[in-house]
1. Would you mind finding the one in ALA78, ALA59 that is under 18 Å from TRP123 (Cα atoms) and either at pLDDT below 95 or in contact with a His (Cβ under 9 Å, 6 or more places away or on another chain) (or both)?
2. Using the structure shown, decide if GLN69 is under 22 Å from TRP133 (Cβ atoms) and buried (at least 18 other Cβ atoms within 10 Å of the Cβ).
3. Could you check the range 63-75 and list, in sequence order, the residues that are assigned to a helix (DSSP H, G or I) and within 9 Å of the ligand (Cβ to nearest atom)?
4. Any chance you could count how many residues in the range 119-153 are without any contact (Cβ under 8 Å) to a residue 60 or more places away in the chain and β-branched (Val, Ile, Thr)?
5. Quick check on the range 51-62: of everything there that is within 14 Å of the ligand (Cβ to nearest atom) and not hydrophobic (A, V, I, L, M, F, W, C), which residue is farthest from MET132 (Cα to Cα)?
6. List pairs: first in the range 21-40 and farther than 17 Å from ASN113 by Cα and modelled with pLDDT of 55 or more, second hydroxyl-bearing (Ser, Thr, Tyr) and not in a helix (DSSP H, G or I), Cβ under 7 Å, 6+ apart or cross-chain?
7. Please count how many residues of the range 69-124 are among the charged types (D, E, K, R) and under 20 Å from ASP31 (Cα atoms).
Amino acid sequence: MKLQESVPLLVASLLTLAGCGASQPSSIEADIANEVKEVTIGGEDWEDPTPDTKESIEAGAEHFRHHCQVCHGLDGHATGVPFAGTMSPPVPDLGSSEIQDYTDGQLKWIIENGIRFTGMPGWQGVIDDEHMWLMVRYIRNLPSVGSLGPPAVYVESDHNSGAEGDHHDHSSATEEDGGHHEH
Ligand code: HEC
């Protein structure tokens, strides 16, 4: 038997081994990735050492905005992230029950180690332990979908008359192009 021919068999036996009964045929790969993920994610019993307070949630939100919004949106629901749905696997809604079903410790583990073979990076050595725990507090208390709007990086700043980001491009125009006029 050639290798190519044995691959579907391997996939089938992996699924059987994993006891994955309710799989959709179209998402076999995703199912396997999920099974692998479930056995690799650690931290189940780790406890969040930060106080469960409004201040913790706010501090967590701030760290989240700093590090995570480019993919997860300001609100954690991937609001306004243009590529969220086209990444493979896609950026999940952190408010969904699948994610909320993780224990606090597992969420911390995920932030620390990332998820292999996906776009979710690990942050060990980049973000302090305490800050990761604060972000777990935030993930547990996400604002409603869309309530914070899209991340500023994805908003065109042209003609934005808001208080911030209200600086016009004139100063950066060179003598050669003499500035470009949009209308
Ligand atoms: C470069 C894009 C990117 C950045 C930045 C990013 N993530 Fe993710 N994140 C992803 C993707 C893609 C997934 C989906 C992984 C998967 O399906 O297993 C994910 C999944 C997750 C999950 C759920 C894991 C699961 O089982 O799906 C959590 C929790 C999470 N991210 C938290 C964070 C936090 C907190 C930060 C900031 C410290 C962050 N992410 C930064 C792309 C990103």
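1. Answer to the check: ALA59.
2. Yes, satisfied.
3. HIS63, PHE64, HIS66, HIS67, GLN69, VAL70, CYS71, HIS72
4. 1
5. The qualifying residue farthest from MET132 (Cα to Cα) is GLU62.
6. ASP31/SER23
7. The number of residues fulfilling the criteria is 4.
The values are calculated or read from the model by the stated rules, or taken from the named source; none is laboratory data. Since we're looking at a predicted model, the values are computed, not measured. When we count neighbours, we look across all protein chains shown, and the Cβ atoms used for this are built from the backbone with ideal geometry, even at glycine.
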